[in-house]
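Beneath this line is the structure, given in C-alpha cells, with notes to follow.
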Amino acid sequence: MSIRITSTSPGSFPAVRGRRTRMSESLREMTTEHRLHPSMFIAPLFVVEGEGVKDPIPSMPDYYRLSLDLLEKEVKELESLGIWSVLLFVKVPDELKDNEGTEALNPDGLMQRAVKKVKAAAPGLCVMTDVALDPYSSYGHDGIVENGIVQNDVSVEVLAKMAVSHAAAGADVVAPSDMMDGRIGAIRKSLEFEGFSETGIMAYSAKYASCFYGPFRDALDSAPGFGDKKTYQMNPANVREAGREAQLDEQEGADIVMVKPGIAYLDVVRGVRESVSLPVSVYQVSGEYAMIKAAAEKGWLNEEQAMMETLIAFRRAGADLIATYFAKNAAKLLN
Ligand code: PBG
C-alpha cells in the first residue's frame, strides 16, 4: 500500500550498489516489482451499423469502428489472446439523436444488439457497456440539457433506465461515464429493483474535463454542440476531490472505480487506490493513444516501447485494470 521509498542503509557505498540487481536479465526479472498480464486489459470497442464495416478513425490510426459481424470476429480474437473484458461504445446516426437520448433505451438499439452479439460469440468475456447520453444526445452532452445547462437529476433517471436496458441485453458490467451526481446509487437501485442484482457497476469516479478525449469524439461523432463538459467532469487541477468521488461511488454501490485519463493522472490513480478498497481501473484514453501513434509514425518514438512503458506506469501507480486501445497489441506482445 505504502509508496514511501525506503532506504535501509543510505550512503554505504561501495557496499551498497544499486546496479548489482540490474546487471543481468535474470536479476532484472527477479527484482521486477510490477508486471502486466492480458487479464488486466479492458478493450474498448466502437460499434456501427452495417455489415462488413471496418471504418478507420483518422485520429486513431489502426483503430476502427466495426459492424456487428466484424465485432464478433474481433471479440473472439481478443478472448483467444487472454483478454477478459471489452467495453462497448456505439456510434449513433444523427437522425436518432435527441435531447433525452431516447434511442439509448431502445431494446433493439445498436448497443443492446452488440451486447447480445458479443455474449453469443464469446460467452466467457465480461461485457461492459458505456452508460452516458453523449452518443445519443443532439447536444453531444452526457445528460439532458435545459436552459443551456446539463441537468443532473433528470439525466440520472435516464441513465438508470439505460443501465437496466444494457443489463437486460446481457451486459455483465455497466460503466457510467457521465459524471452526474448520485448516478451510481440510482443505477444500483434500479438494477436491484429490476432483478439484475448480479450486474456490476464500473464507475468513472474521477473523470476529468480533458482535451485528451478529442479523437474519441471524432470516432463517435459525439463532441459537445455547445460549451464544454466542465460542469460535470472534474477540474484537472484537483486530486483530493478524486478520492472523495471514489468514496462516494463506493458507498453508492460501485464494484470498480475508474480514473480517466491515464498518463497525466497517475497521482490520481495512486490517490484513488488509497482512498477505496475496490478494484481500481484506469483509462488510457484516445488522445494518449493518438499521441503515441503520431510520434511513432514520425519515427520519433518506438511505439511498442512507449506502449509498454505507459502500461506498466499504470500498474506502478496502483491500477488493477487498464482500459486501453493498445489491449490487443500489448496482449500479443505479452503472450
Ligand atoms: C463519454 C465518454 C468519453 C470517453 C468515454 N466516454 C468522452 C467524453 O467524455 O467526452 C472518452 C474515451 C477516450 O477518449 O478514449 N461519456
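Can you name the residue in region 132-141 that is within 13 Å of the ligand (Cβ to nearest atom), in contact (Cβ under 8 Å) with a residue 60 or more places away in the chain and part of a loop (DSSP other than H, G, I, E, B) and, of all such residues, is nearest to Ser67 (Cα to Cα)? Applying the filter and picking the extreme gives Gly140.
Kindly indicate the residue of region 287-335 that is open to solvent by 10 Å² or more (accessible area, probe 1.4 Å) and among the β-branched types (Val, Ile, Thr) and also farthest from Gly214 (Cα to Cα) among those meeting that condition. Going through the qualifying residues, I end up with Ile312. Count of region 194-214 residues, restricted to those that are open to solvent by 60 Å² or more (accessible area, probe 1.4 Å) and within 13 Å of the ligand (Cβ to nearest atom), is 1. Between Gly214, Gly182, the distinction of being small (Gly, Ala, Ser), under 21 Å from Ser286 (Cβ atoms) and in contact (Cβ under 8 Å) with a residue 24 or more places away in the chain belongs to Gly214 only. One residue stands out in region 273-286 among those that are buried (at least 24 other Cβ atoms within 10 Å of the Cβ) and more than 9 Å from Ala319 (Cβ to Cβ): the one that is farthest from the ligand (Cβ to nearest atom), namely Gln284.
Among residues of region 186-210 that are within 25 Å of Ile322 (Cα to Cα), those with a beta-carbon under 6 Å from a residue that is in a loop (DSSP other than H, G, I, E, B) and aliphatic (A, V, I, L, M) at least six positions away or on a different chain give the pairs Ile201/Ala254; Ala203/Ala254; Lys207/Met179. Scanning region 102-131 for residues that are closer than 22 Å to Ser67 by Cβ and assigned to a loop (DSSP other than H, G, I, E, B) yields Asn106, Pro107, Asp108, Gly109, Ala122, Pro123, Leu125.
For Lys73, the requirement of being free of Cβ contacts under 8 Å to residues at least 60 places away in the same chain, over 20 Å from Asp221 (Cβ atoms) and of a type in the set (Lys, Arg) is met. Applying the criterion of at least 2 residues that are over 18 Å from the mean Cα position of the chain (by Cα) to the strands (runs of 3 or more DSSP E) found wholly in region 47-100 leaves 54-57, 60-66. Residue pairs whose Cβ atoms lie under 7 Å apart, sitting 6 or more positions apart in sequence or on different chains, and linking a residue in region 87-100 that is open to solvent by 70 Å² or more (accessible area, probe 1.4 Å) to a partner that is assigned to a strand (DSSP E or B), are Glu100/Ile144.
Candidates in region 215-262 are the residues that are within 12 Å of the ligand (Cβ to nearest atom), open to solvent by 20 Å² or more (accessible area, probe 1.4 Å) and not in a loop (DSSP other than H, G, I, E, B); of these, the one that is nearest to Gln151 (Cα to Cα) is Arg217.
The values are calculated or read from the model by the stated rules, or taken from the named source; none is laboratory data. This structure is a prediction, so every number in the text was calculated from the model and none was measured. All Cβ positions, even for glycine, are placed from backbone atoms using ideal geometry, and neighbour counts span all protein chains on display. Remember, those area values only see protein heavy atoms, side chains included, never the ligands or the DNA or RNA. Shrake-Rupley method; radii C 1.70, N 1.55, O 1.52, S 1.80 Å.
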